[in-house]
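Asker: Quick one: this structure, given as structure tokens, is what I'll be asking you about.
The values are calculated or read from the model by the stated rules, or taken from the named source; none is laboratory data. Predicted model, so just to flag it, every value in this text is computed and none were measured. Every residue, glycine among them, receives a Cβ derived from its backbone with ideal geometry; neighbour counts consider all protein chains shown.
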Amino acid sequence: MLRWLDHLEEWLIATLMAGATTIIFVAVVHRYASGIPWAPLQDRLLALNTSWAQELCIFMFVWMAKFGAAYGVRTGIHVGVDVLINRLSGRKRAFFILFGLLAGALFTGIVGTLGATLVWEISHTEQVSADLEVPMWIVYLAVPCGSYLMSFRFLQVAWSFFKTGHLPHHDHGHVEGIEEVKGEDVIPVMAVPDLHPEQVLPKAEREARERRDREGGK
């Protein structure tokens, strides 16, 4: 169940981000292409109304931000000031971390409840958006959905930390698809005088070249 929720969360964020980016790109191209002084093209482009694109992108980014915040709690990518907490002893550190996580769950739960109340009140009105004329309660539904999911993620991380003592951590310097090179596999350039940059090779490749050179010398 949790794995399904994780995939749904990631799929929703990626879809909203890709969709908003595509819509913005198309709207910008349409705006500039409409100024090309060629009557057949200009007439066709001016007949297309893209005034709704900005409003739709704003709504999509709102939903993406709310679910992205919950994703950040789950993966540990939110920035936190934990210098003092990490200097505390084991039990005190665990207490303050759990307190912070539970406080986050309480806060986002309250925001979600207030958001749900707002959505319920707006749903009984005729309020719609300016360009798309979408009922505004659908737009504001992002607040309770995203906040309740974020509150659940805080509780999930708190329970995991209580059982294991570990928090989700994201290495901001890591790039997907790039393997880390160990220090022992690379020759420090300054350690060998007059070393050509081409000689700074991984250990496995250096050994293969040396083996080929020895075999060739025989």
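Asker: Please pick out the residue among Leu48, Leu8 that is aliphatic (A, V, I, L, M), exposed (fewer than 14 other Cβ atoms within 10 Å of the Cβ) and not in a helix (DSSP H, G or I).
Answerer: Values: Leu8 fails: not in a helix (DSSP H, G or I).
Only one candidate passes the filter, namely Leu48.
Asker: Just the residues that are at pLDDT 85 or above, surrounded by 10 or more Cβ atoms within 10 Å (Cβ to Cβ) and assigned to a loop (DSSP other than H, G, I, E, B), please, taken from region 51-90.
Answerer: Passing the criteria: Ser51, Gly76, Ile77, His78, Leu88.
Asker: Could you list, ordered by first residue, the pairs with Cβ atoms under 8 Å in which the first is in region 69-80 and without any contact (Cβ under 8 Å) to a residue 60 or more places away in the chain and the second is in a loop (DSSP other than H, G, I, E, B), at least 6 apart or interchain?
Answerer: Gly72/His78
Asker: Determine which member of the set Ala20, Ala47 is touching a residue at least 12 places away in the same chain (Cβ under 8 Å), hydrophobic (A, V, I, L, M, F, W, C) and in the same structural domain as Gly112 (by TED's automatic domain parsing).
Answerer: Details: Ala47 fails: touching a residue at least 12 places away in the same chain (Cβ under 8 Å).
Residue meeting the stated conditions: Ala20.
Asker: Please count how many residues of region 23-43 are in a helix (DSSP H, G or I) and surrounded by 12 or more Cβ atoms within 10 Å (Cβ to Cβ).
Answerer: 11
Asker: Among the residues of region 123-155, what is the count of those that are of a type in the set (S, T, N, Q) and over 21 Å from the mean Cα position of the chain (by Cα)? Talk me through it step by step, then tell me what you get.
Answerer: Filtering region 123-155 for residues of a type in the set (S, T, N, Q) gives 123, 125, 127, 129, 147, 151.
Then drop every residue that is not over 21 Å from the mean Cα position of the chain (by Cα), which leaves 123, 125, 127, 129.
Residues that pass the stated criteria total 4.
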